[in-house]
Amino acid sequence: MLTVDRLECRYGKVLAVRELSLEVKKGELVSLIGANGAGKTTTLRAISGVFPARGGRITLEGEDITRASARRILELGIAHCPEGRRVFPYMSVRENLDLGCYLRRDAKGIAADLSAVYARFPILHERRNQAAGTLSGGEQQMLAISRALMSRPKLILLDEPSLGLAPNIVERTFDIIRQIRMDGVTVVMVEQNAYAALELSDRAYVLEQGVVALSGAGAELLGNPHVKQAYLGA
């Protein structure tokens, strides 16, 4: 479904991602793990078109999207839920959700998806007229994920979905991600909680200093000595 071939990204003269290749098959949940600064977020930003690739090739279902705009990539079915949730704090919950589907024109489909969001997250329906910035961290994460889902994506990019959340909310967030995948949406996730990410994932890539150091099935990497020592505290 998604292929990244020898991706290169730079911040000025600093090479953040180099010769990075990965593949995501339809229906999979694939995680990127690694230390801060390993290039995980940059990779997601390049895939979604919000950061320019300086080299390599990114394709979605055979179509080259390496130089496509973020708008075009969203139209093709990739939604990006960025690190830190990034809700619009002074806009209402409902207005944030409306922004998630601003490229869509199927009014009946939008209404159905909005109803599905409210059914999944009753708190968002209860607070639909409330400013998003007044929600708790967990509620804002629910809103950020729901906003991305309102675009009806084929593939969703989740960047640090558990960051800064209370332990009980973290568990709820991973349950939501599991359900999204079960609903047929392909997921690529960056997550600092390496154990939870690997346990949840079909496959994973370990990034170190902008390159793929290891890859394999989630269960396989959970037992890898290097991964256990470096990322699982074992």
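Of note:
- Per-region count, region 160-196, residues modelled with pLDDT of 95 or more and either of a type outside the set (V, I, T) or on the phi > 0 side of the Ramachandran plot (or both): 1
- Residues located in region 143-162, provided they are part of a loop (DSSP other than H, G, I, E, B) and closer than 28 Å to R72 by Cβ: M150, S151, R152, P153, K154, E160, P161
- Residue match in region 48-56 (condition: more than 17 Å from G210 (Cα to Cα), in contact with a strand residue (DSSP E or B) (Cβ under 6 Å, 6 or more places away or on another chain), surrounded by 17 or more Cβ atoms within 10 Å (Cβ to Cβ) and touching a residue at least 24 places away in the same chain (Cβ under 8 Å)): yes
- Across region 156-207, the qualifying residues are those that are surrounded by fewer than 16 Cβ atoms within 10 Å (Cβ to Cβ) and among the small types (G, A, S), and the one among them that is farthest from G34 (Cα to Cα) is G184.
- Members of region 19-60 that are basic (K, R) and either closer than 27 Å to G233 by Cα or modelled with pLDDT under 95 (or both): K40, R54
- Number of residues in region 57-114 that are in contact with a Leu (Cβ under 8 Å, 6 or more places away or on another chain) and part of a helix (DSSP H, G or I): the value is 11.
- Any hit, region 116-132, residues being under 25 Å from E61 (Cβ atoms) and either touching an Asp or Glu at 6+ places or on another chain (Cβ under 6 Å) or part of a helix (DSSP H, G or I) (or both): yes
- Flag for S69 being small (G, A, S), surrounded by fewer than 17 Cβ atoms within 10 Å (Cβ to Cβ), over 29 Å from I123 (Cα atoms) and modelled with pLDDT of 95 or more: yes
- Residues satisfying the stated conditions in region 1-45, i.e. part of a strand (DSSP E or B) and basic (K, R): R6, R10, R18
- Contact map, region 19-38: residues that are under 18 Å from K154 (Cβ atoms) and touching a residue at least 12 places away in the same chain (Cβ under 8 Å) paired with residues that are of a type in the set (D, E) and surrounded by fewer than 23 Cβ atoms within 10 Å (Cβ to Cβ), Cβ distance under 7 Å, separation 6+ or inter-chain. Pairs shown: E28/D202; L29/D202; V30/D202.
- Residue count, region 96-105 (criterion: farther than 27 Å from V170 by Cβ and touching a helix residue (DSSP H, G or I) at 6+ places or on another chain (Cβ under 9 Å)): 4
- Complete set of residues in region 79-98 that are in contact (Cβ under 8 Å) with a residue 60 or more places away in the chain, surrounded by 15 or more Cβ atoms within 10 Å (Cβ to Cβ) and not charged (D, E, K, R): A79, H80, C81, P82, V87
- Test: residue in region 38-56 that is under 25 Å from N224 (Cα atoms) and touching a Lys or Arg at 6+ places or on another chain (Cβ under 9 Å): yes
- All positions within region 99-133 that are in contact (Cβ under 8 Å) with a residue 40 or more places away in the chain and more than 22 Å from the chain's Cα centre (by Cα): G109, A131
The values are calculated or read from the model by the stated rules, or taken from the named source; none is laboratory data. The structure displayed is predicted, hence computed values, not measured ones. Methodologically, a virtual Cβ is constructed for each residue, glycine included, from the backbone with ideal geometry; neighbour enumeration extends over all protein chains shown.
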